[in-house]
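Undergrad: Provided herewith is a single structure, encoded as structure tokens, for subsequent inquiry.
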Amino acid sequence: MRTTAGSPAPRLLLSALAGLVLAAALAGPASAATLSAPAAIAPREIVAVTATGLVPGQRWGVYLARPQAGGINCIVPLARRTPAGAGKVVFSGRLPATMDCPAIPGAASAQPAPPGRTPVTPGRGYRLVVCVAAGADCRFMAVARRAVRVVAPGASCAAPPGVSSLRARGVACSVATAVARAPRAGLAGLRCRGTRDRTAGRTVFRCTRAGARVTFSGR
């Protein structure tokens, strides 16, 4: 491809190649590694997933990916970890509200959306993938993947002492605060599950019932 000074072509090519890396990650065969995650996740809420079978000593990352036309994938990192030994590895972080969607080669619009500006919108078609991390992308093919549904985020609530990232959907913030203070009490019919992320020094709680959800983290 012939380019001139200031031409966007090299940038578009690099952007397309980055997306193709994730296309390979999504299409790759399964391995001995596994990835456990909630069936539904929401942007701006804190999320915890658990991977097993990862090689210790390497830098691994969990990314949210969504295929688009042309085999190019939108992607955004959730968290990165370097496991010291074999066993379960918990990745937790606040799910970003936007993701990077590289340009599609040959598309009518050659310019991609600005980096990190494509909204993570509710719907299906998303996957969480775990792979050797390379910044905002996968260095190699993903070793595990999990289909997830993105749902609308809960409202941000004032958190009590020792609690952060408190969000509620389908219940009032006053209820969410009470649940965060006593997550194992079964208040308001919400059943809580806590996942301990030792690397981050926090436990991520997800409390649900039909039509309601409370998420937060605590020390």
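The values are calculated or read from the model by the stated rules, or taken from the named source; none is laboratory data. Keep in mind that what you see is a predicted model, and the values were worked out from it rather than measured. All Cβ positions, glycine included, derive from the backbone under ideal geometry; neighbour counts span all protein chains shown.
Undergrad: Specify the residue that is surrounded by the most Cβ atoms within 10 Å (Cβ to Cβ); the eligible residues are those in segment 147-164 that are more than 19 Å from the chain's Cα centre (by Cα) and touching a residue at least 40 places away in the same chain (Cβ under 8 Å).
TA: Val163
Undergrad: Another question, if that's okay. Scan segment 188-195 and tell me whether some residue there is in a loop (DSSP other than H, G, I, E, B), in contact (Cβ under 8 Å) with a residue 12 or more places away in the chain, crowded, with 16+ Cβ neighbours inside 10 Å and not acidic (Asp, Glu).
TA: Scanning segment 188-195 turns up at least one residue that is in a loop (DSSP other than H, G, I, E, B), in contact (Cβ under 8 Å) with a residue 12 or more places away in the chain, crowded, with 16+ Cβ neighbours inside 10 Å and not acidic (Asp, Glu).
Undergrad: Here's another thing I want to ask about it. Could you check how many residues of segment 198-212 are under 18 Å from the mean Cα position of the chain (by Cα) and surrounded by 21 or more Cβ atoms within 10 Å (Cβ to Cβ)?
TA: Summing the residues that are under 18 Å from the mean Cα position of the chain (by Cα) and surrounded by 21 or more Cβ atoms within 10 Å (Cβ to Cβ) in segment 198-212 gives 4.
Table: residues versus (1) surrounded by fewer than 16 Cβ atoms within 10 Å (Cβ to Cβ); (2) more than 27 Å from Thr215 (Cα to Cα); (3) at pLDDT 70 or above.
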| position | (1), (2), (3) |
| --- | --- |
| Arg2 | yes, yes, no |
| Leu22 | no, yes, no |
| Gly57 | yes, yes, yes |
| Ile75 | no, no, yes |
| Asp100 | no, no, yes |
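Undergrad: Restricting attention to segment 167-187, which residues are buried (at least 17 other Cβ atoms within 10 Å of the Cβ) and over 16 Å from Ile41 (Cα atoms)?
TA: Hits for segment 167-187 are Val171, Cys173, Val175, Ala176, Thr177, Ala178, Val179, Ala180, Pro183, Leu187.
Undergrad: Answer yes or no: is there a residue in segment 139-159 that is basic (Lys, Arg), at pLDDT below 95 and not in a strand (DSSP E or B).
TA: Yes: segment 139-159 contains one or more residues that are basic (Lys, Arg), at pLDDT below 95 and not in a strand (DSSP E or B).
Undergrad: If you check Ile104 against the conditions, is it hydrophobic (A, V, I, L, M, F, W, C) and at pLDDT 95 or above?
TA: No, not satisfied.
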